[in-house]
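What follows is a short report on a single structure.
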């Protein structure tokens with residue numbers, strides 16, 4: 001156990017990066033407060049692991065203020081939902097009032113002024129907002145998560161399919177647990193990362209044909225990448241009942257992906273998080289049971305392009 005008396009707040013605590021960050025900090029003997037939206041099985045598991053759990057809504061200024069009381073450093077992670085700018089504004093004001101020293105902000109690689117995605121442009125604006133505070137601030141811009149492979153995966157007649165609108169674009173998938181190592185490292189040592197913007201990538205840049213081949217070798221079954229149009233992708237998301245805000249975002253980042261916005265790789269996970277990121281093969285192997293059935297978001301071949 002450490003004698004460090006700092007308190008770290010993790011928002012989005014039951015999400016992939018949030019929960020992984022909490023477990024890393026707890027394993028290292030630090031005090032962690034987990035901000036969650038509701039009391040459920042996931043939040044109770046965090047309490048059992050040793051985190052202090054608080055229920056608060058990003059859009060409740062008083063609730064966010066209470067969650068930040070006594071906090072040294074915080075991780076800000078907002079889902080792909082409307083209200084990001086308001087939530088970040090509330091968070092920044094409450095953190096400043098509470099004397100919070102630093103924030104690690106989860107942004108995205110497509111964040112820029114000219115972004116076609118409303119969410120991506122809002123992330124860019126929120127980066128600029130946080131940069132204007134007195135908080136030590138670092139922004140993380142990950143490429144597509146490796147977890148996407150589970151969400152958009154279809155298992156059909158003993159073979160796997162990735163039907164996605166990414167053309168021949170490339171990226172280096174990054175697992176959420178690898179991002180958590182970077183988040184934890186920056187929370188623990190914010191001074192050396194103040195006003196930094198870090199893109200986060202996995203170890204190897206691939207196109208989706210390469211990804212399918214890597215998955216096939218690990219799973220021992222044929223896996224195919226079938227490029228589809230952005231229109232078919234959007235139609236499928238609408239059929240699944242996804243919110244319009246998310247459909248607009250994902251449709252536009254698919255175009256960004258085709259245009260190389262998500263491409264590249266670097267050593268930021270190792271350099272900052274002191275952790276070697278998982279390859280596609282390692283990620284699939286560690287999550288092999290999840291590929292025994294289709295993911296929740298896959299696009300069936302029965303949905304014609306541009307319907």
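Numerical summary
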| quantity | calculated |
| --- | --- |
| Options 100, 104: the member that is part of a loop (DSSP other than H, G, I, E, B) and either buried (at least 23 other Cβ atoms within 10 Å of the Cβ) or more than 16 Å from the chain's Cα centre (by Cα) (or both) | 100 |
| Subset of the range 244-278 that is under 17 Å from the mean Cα position of the chain (by Cα) and part of a loop (DSSP other than H, G, I, E, B) - its residue that is surrounded by the most Cβ atoms within 10 Å (Cβ to Cβ) | 277 |
| Residue tally, condition assigned to a loop (DSSP other than H, G, I, E, B) and either in contact with a strand residue (DSSP E or B) (Cβ under 8 Å, 6 or more places away or on another chain) or closer than 22 Å to residue 58 by Cβ (or both), over the range 15-43 | 6 |
| Residue list for the range 67-87, restricted to those being surrounded by 18 or more Cβ atoms within 10 Å (Cβ to Cβ) and touching a strand residue (DSSP E or B) at 6+ places or on another chain (Cβ under 7 Å) | 67, 68, 71, 72, 73, 74, 75, 76, 77 |
| Members of the range 214-243 found to be over 15 Å from residue 166 (Cβ atoms), assigned to a helix (DSSP H, G or I) and out of contact with any helix residue (DSSP H, G or I) (no Cβ under 8 Å at 6 or more places or on another chain), listed by number | 216, 235, 239 |
| Condition broken by residue 180, with the remaining ones in (1) surrounded by 24 or more Cβ atoms within 10 Å (Cβ to Cβ); (2) within 28 Å of residue 26 (Cβ to Cβ); (3) touching a strand residue (DSSP E or B) at 6+ places or on another chain (Cβ under 9 Å) satisfied | (3) |
| Single match in 97, 52, 41 (criterion: over 20 Å from residue 193 (Cβ atoms) and without any contact (Cβ under 8 Å) to a residue 12 or more places away in the chain) | 41 |
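Bear in mind these aren't lab numbers, they're just calculated from the coordinates by the rules spelled out. Predicted, not measured: the structure shown is a model, and the values here were computed from it. So basically every Cβ, Gly included, is an ideal-geometry build from the backbone, and we count neighbours across all protein chains shown.
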